Amino acid sequence: MKKITITVLVVLSLFLIANCEQAPKDTTFLITKSSIGKLDKSSLARDLEIIYEQDSIVKDTARLLVGFGAKKIDVFEKGGEHLLTLTPSSDSIPTIENVRIQDPRFKTELGIGLNSTFKEIKDKYELGKLLTSTKNVVVFIKNSDLYFTIDKEELPSSLRYASSVNIEAVQIPDDAKIKYMMLGWE
């Protein structure tokens, strides 16, 4: 009788464990290939008020009064933290074309965020093209819409002031900090 009771308890326990659902993963500050937090690649600009109903949306009111769509849309938490700056596309039904991450709590699936260093980026991602401008170096990630901007002030002094020099990844110090982290959805 004891054997049957123990067997029934074991089977019942295994059944309960197998059927327990894991708690859903918190994606509030998660950056994936097709989403960033509550926003996804196919979200329409007109739906931002619904998507961020618990947050605050700030649009360029001067452009709206003239009849143009907002050029930039800032998303703030109710507590005042600047979360994202969004740029809508110029399509007839605008989606979000560019996202600038403002809050360091946003991180990629591999743990990269605004407080990461260049070394962390190159250790977790395959680097693509690097573009050099007067004040910055833009680092693109292969097969991703994600890209990072590093201020030239993070570079050795010999590279800071040369605008015509193409910077290569080996020239960027490992401890270089991210100035901007962005998603460019097409």
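Quick notes
- On full extension, the segment bounded by Lys177 and Thr32 gains 50.1 nm, given 0.36 nm per residue less the C-alpha separation.
- For the range 40-147, chymotrypsin sites (Phe, Trp or Tyr not before Pro) meeting the loop criterion (DSSP other than H, G, I, E, B) and having at most 15 other Cβ atoms within 10 Å: Phe68.
- Environment charge of Asn166, counting only residues whose C-beta is closer than 13 Å and scoring Lys/Arg +1, Asp/Glu -1: +1
- Summarising the amide proton neighbourhood of Thr95: residues at separation of 5 or more, or on other chains, whose placed amide H is nearer than 5 Å comprise Ala45, Ser89.
- Only the Cβ atoms of Lys and Arg (+1) and of Asp and Glu (-1) were treated as charged; on that basis the dipole of the range 110-186 about its Cα centre amounts to roughly 140 debye.
- Calculated FRET efficiency, Glu126 to Ser158, Cβ-Cβ distance, R0 = 25 Å: about 0.40 to the nearest 0.05.
- Tensor-based shape of the range 96-148 (alpha-carbon gyration tensor, a/c under 1.5 rounded, otherwise prolate or oblate): rounded
- Other residues with beta-carbon under 11 Å from the beta-carbon of His82 carry, at +1 per Lys or Arg and -1 per Asp or Glu, a net charge of -4.
- Surrounding net charge for Ile57, when Lys and Arg each add one and Asp and Glu each subtract one, Cβ distance under 9 Å: -2
- Estimated distance in nm for a label pair at Ala169 and Asp40, the labels positioned 7 Å out from Cα along Cα-to-Cβ: 3.1 nm
The numbers here are math on the coordinates, done by the rules we state, and not lab data. Everything numeric in this text was worked out from a predicted model, so none of it was measured. Glycine also receives a Cβ, built like all others from the backbone with ideal geometry; neighbour counts cover every protein chain displayed.
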